[in-house]
Amino acid sequence: MTYQPPTALPRELLDDPDVERALAAHDFGRVFRVARERARISYSKIAAECDIKPDRVGTLARGQGRITSFEKVVQITDALRVPGHLVGLAPRPWEMGADPAVTPRAEIGPPSMRRRTILQAATSAGLAAALPALHQPEAPRHITDTYVDRLRERTARLRRLDEVLGGGDTYRVYLSEVQATKALLRQSSCTGTARRQLTGLLAEQAQQAGWAAYDAGRTRDAVALYEESRTAAQDAQDTDLYGNSLAFLAYSVADDRRTAVAFAEDSCATITARTPATVQALLYERLAWACAVDGQAVGTEKALGAARQDLEDAQGGEPQPDWSAWVDHAELDIMTGRCWTELRRPLRAVPVLTNALSEFADDHARDKALYLSWLASAYLTAGEVEAAAATTSRALQLATGVASIRPRQRLAPLLDRLRIHGDIGEVRQVLEQAQG
């Protein structure tokens with residue numbers, strides 16, 4: 001039987017426009033208050049199911065503080081039985097008939113055991129069966145290198161979805177591709193080097209699916225897919241994809257700063273003279289970010305310099321993998337600005353972000369909203385409150401309707417920082433916009 005928590009919100013509350021707005025804004029304090037007043041769900045029950053201290057639940061219900069971490073947003077969503085789309089997440093396991101109460105928890109057991117447990121959950125037969133059917137080209141009896149090339153072209157086309165859609169929309173699509181490739185490896189015979197090529201494609205697809213999972217707030221699924229990608233890349237003897245799997249792991253564990261830096265350093269250690277320039281730049285970019293989060297200004301600047309030099313070297317027309325071809329000087333400028341913002345160096349961050357974002361199309365709404373959040377943070381650090389409020393407002397506009405948890409996650413603490421300037425008109429407006 002599927003576990004039904006005592007804090008599950010009744011349908012009439014989930015359909016209430018005020019509750020929907022509170023959920024979209026991740027204003028869980030308001031949701032807690034309404035749950036107690038209208039559904040007689042006590043704060044003590046909410047505290048127990050959401051793993052929050054009872055006094056913290058009361059404080060949130062009084063409008064003080066915010067919930068900003070991925071894991072806690074997901075935990076509250078499951079405890080209140082809120083459909084994922086109402087909070088910017090992909091559908092939750094219980095929406096598809098699975099029971100999150102019996103899903104292995106990431107924080108139990110040593111890291112090696114956690115990775116194995118997560119991987120089993122992410123690739124279980126039940127999850128695969130719940131995926132929507134995508135049209136797949138009919139596979140020949142024997143898989144050849146030419147056929148794998150066709151599949152790689154398909155993967156490249158599907159990757160373009162990530163440019164305009166959030167992970168909540170793309171996760172199932174990408175995961176279904178992973179499952180289809182795994183089925184080919186199990187069931188088909190391969191000629192020549194086709195099996196190794198197909199295994200490399202699996203590594204590439206698992207990274208894309210992992211990225212969509214991360215974007216949708218499925219952090220545990222993302223880590224599991226990155227681990228699966230690492231194994232597949234190693235089996236395929238693809239050093240570039242192996243290094244990128246480590247870089248993705250560094251990105252997904254950024255809260256554990258030392259571990260993130262170690263993963264990023266290991267990813268850069270895979271670089272050789274044969275590594276394509278954009279791959280080198282991508283790995284160094286992610287090392288720069290890990291160093292910035294860890295407060296290492298010297299390491300950040302060194303890694304950014306290496307990435308820039310690699311991009312200069314890429315101008316010679318050497319073929320680049322599709323999965324790294326998006327890395328260019330504009331992308332590096334964005335990462336440079338993000339790093340200097342994280343290091344609280346707004347005089348360096350603001351000019352480079354402003355220049356890069358002036359050429360960044362609104363069509364890429366999720367990414368532009370995220371990048372604007374770093375610009376707004378840099379403005380606020382520099383004391384330019386009005387500019388920070390205006391930039392935050394623009395980011396909120398772009399983030400509306402995007403199936404990604406990350407823009408709201410980024411903007412929530414920024415809005416908290418702005419609240420102390422509530423006597424300024426521009427700040428009042430953006431705070432009202434966030435509540436609306």
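Based on the Kirkwood radius over alpha-carbon pairs, what value in µm²/s does the Stokes-Einstein equation return for the translational diffusion coefficient of the stretch 11-95 at 20 °C and 1.002 mPa s?
169
So, counting K/R as plus one and D/E as minus one, what does the shell of residues with Cβ under 13 Å around residue 348 add up to?
0
I want to check the label-to-label distance for residue 39 and residue 309. Put each point 7 Å from Cα in the C-beta direction and report it in nm to one decimal.
5.7
Once fully extended, how much extra length lies between residue 257 and residue 326, figured as 0.36 nm per residue of separation less the alpha-carbon to alpha-carbon distance?
The span from residue 257 to residue 326 would gain 22.2 nm if fully extended.
Rule-of-thumb check for the chain: C-alpha Rg over 2.2 N^0.38 Å?
In units of the globular-protein estimate, the chain measures up at 1.01.
Please arrange 339, 50, 190 by how many other C-beta atoms lie within 10 Å of their C-beta, fewest to most.
190, 50, 339
Which one, 371, 217, 198, projects farthest toward the positive side of the charge dipole computed for the chain from Cβ point charges (K/R +1, D/E -1)?
Ranked along the dipole, the leading option is 217.
So which chymotrypsin sites (Phe, Trp or Tyr not before Pro) in the stretch 1-94 pass both tests, a DSSP loop state and at most 16 other Cβ atoms within 10 Å of the Cβ?
Answer in residue order: 3.
Just add up the charged neighbours of residue 138: K/R +1, D/E -1, any other residue whose Cβ is under 14 Å from the Cβ of residue 138.
Its environment carries a net charge of +3.
Given only helices, namely DSSP H runs of n ≥ 4 each adding -39500 (n - 2.57), what is the per-residue ellipticity at 222 nm of the chain, to the nearest 500 deg cm²/dmol?
When only DSSP H runs of four or more count, the value is -21000 deg cm²/dmol.
Quick one: which residues, 5+ away or cross-chain, put their amide H under 5 Å from the amide H of residue 143? H built at 1.01 Å from N.
Distant-sequence amide H within range of residue 143: 189, 190, 191.
Give, as a single signed number, the net charge of other residues whose beta carbon lies under 11 Å from the beta carbon of residue 410, with Lys and Arg counted +1 and Asp and Glu -1.
Local net charge: +4.
Give me the number: length gained by fully extending residue 382 to residue 20, i.e. 0.36 nm times residue separation minus the C-alpha to C-alpha distance, one decimal in nm.
126.8 nm
Over the chain, what is the mean sequence separation of C-alpha contacts under 8 Å (at least six apart), divided by residue count, expressed as relative contact order in percent?
Reported relative contact order: 13 percent.
Throughout, read-outs are computed from the coordinates displayed, never taken from laboratory work. Keep in mind the model is a prediction, meaning the values are calculated, not measured. Here the Cβ is made from the backbone with ideal geometry for all residues, glycine too, and neighbour counts use every protein chain on show.
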